[in-house]
Amino acid sequence: MKVGVFPNSCLSCFDYINSLSDITVGYLGAPYSKNRKTQWIIVRTERGKKLLDLINDEIETSPEVFFGDSHSAVQAALQPTLMPILQPEKLDDRKAMPKWLGIYLSHKKAKSGPGGTEFAKYSIDIHAIRNFYFLKMYRPDDIGIVPTHIYDLLSQYDLSLIERIIES
């Protein structure tokens, strides 16, 4: 996607999982079903536990699911995810993928890529890396807002190609 599709504030955020909340509910990494709206719940505080206790009798819980390798998926997605940020001028001539092909690839990736908590890890990591490079390219004066754990995350991936593109 071209720069400008998402607001700068979204591309400058490093709290994708709302880590300061008492309780977080979301779909990211939850098993998908056409018939059910499965969500995951992260309880972080005593207040969050009390909130969950209020509705515990009304919800169904199950163990986490996970499969695939989030690290490999992130590494494979780095270039296609970051190129629109690093070299947006190269997107001008790119045509949209036919809808049928997008649906096919989406289904194929859902079956072969990471799932459950591994998909959640993939999504969190790729968004954090994307946002880091957005700030580095477009808001270098704001790079100080990057939390230290993001630098730890960056060190887990081979970003040498990305850094070479930035330097050129």
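The values are calculated or read from the model by the stated rules, or taken from the named source; none is laboratory data. Only a predicted model underlies this, so the values are computations on that prediction, with no experimental measurement involved. Here the Cβ positions follow ideal geometry from the backbone for every residue, glycine too, while neighbour counts run over all protein chains shown. Ligands, DNA and RNA are stripped out before the accessible areas are found, and what is left, the full protein with its side chains, is counted by its heavy atoms. Shrake-Rupley method; radii C 1.70, N 1.55, O 1.52, S 1.80 Å.
Some points to look at:
- Cα gyration tensor shape for the range 64-112, rounded if a/c is under 1.5, else prolate or oblate: oblate
- Here the Gaussian network model covers the chain, with springs between Cα atoms less than 10 Å apart; of Pro98, Pro147, Pro80, Pro98 fluctuates the most.
- Under 26 Å from the Cα of Lys136 - lysines, other chains or at least 8 residues apart: Lys2, Lys90, Lys121
- With all protein chains modelled, accessible area of Glu60 [1.4 Å, Å²]: 140
- Projected area averaged over orientations for the chain, convex hull of C-alpha atoms, nm²: 12.2
- Rounded to the nearest whole Hz, the Karplus-based 3J(HN,Hα) values (6.51 cos²θ - 1.76 cosθ + 1.60, θ = phi - 60°) of the range 145-162 follow the sequence 7, 5, x, 4, 5, 5, 5, 4, 4, 4, 5, 7, 10, 7, 10, 4, 5, 4, with x at glycine and proline.
- Residue of Asn131, Asn18, Asn56 that the Gaussian network model of the chain assigns the largest fluctuation, springs spanning Cα pairs under 10 Å: Asn56
- Ile145 contributes about 90 Å² of solvent-accessible surface, heavy atoms of the protein only, 1.4 Å probe.
- Where Asp158, Asp141, Asp15 fall by accessible area, highest first, once all protein chains stay in place (1.4 Å): Asp141, Asp158, Asp15
- For the chain: relative contact order, % (alpha-carbon pairs under 8 angstrom, 6 or more apart): 31
- For the range 25-71, a/c is not less than 1.5, where a ≥ b ≥ c are the root eigenvalues of the C-alpha gyration tensor, and a/b does not top b/c. That puts it in the oblate class.
- Residues with amide H under 5 Å from that of Phe66, placed H, sequence gap 5 or more: Thr117
- When the surface is traced with a 1.4 Å probe over the full set of protein chains, Thr38 keeps roughly 40 Å² accessible.
- The 1.4 Å probe gives accessible areas that order Arg44, Arg130, Arg164, largest first, as Arg164, Arg44, Arg130.
- Furthest towards positive pole of dipole, Val146, Ser112, His127, structure part the range 54-168, Cβ charges: Ser112
- For the set Ile124, Ile162, Ile41, the ranking by accessible area, highest first and with no ligand, DNA or RNA atoms included, is Ile41, Ile124, Ile162 under a 1.4 Å probe.
- Cα→Cβ-extended label distance, 7 Å offset, between Ile59 and Lys108, nm: 3.7
- In the range 1-78, taking the dipole from charged Cβ atoms about the Cα centre, the farthest positive-side position among Ser21, Val74, Thr45 is held by Val74.
- Rolling a 1.4 Å probe over the heavy atoms of the protein chains gives the range 1-119 an accessible area of 76 Å² per residue.
- Dividing the Cα radius of gyration of the range 73-168 by its Kirkwood radius returns 1.00 for Rg/Rh.
- Estimated dipole of the range 47-168 in Debye, rounded to 20 [Cβ of Lys and Arg +1, of Asp and Glu -1, Cα centre]: 380
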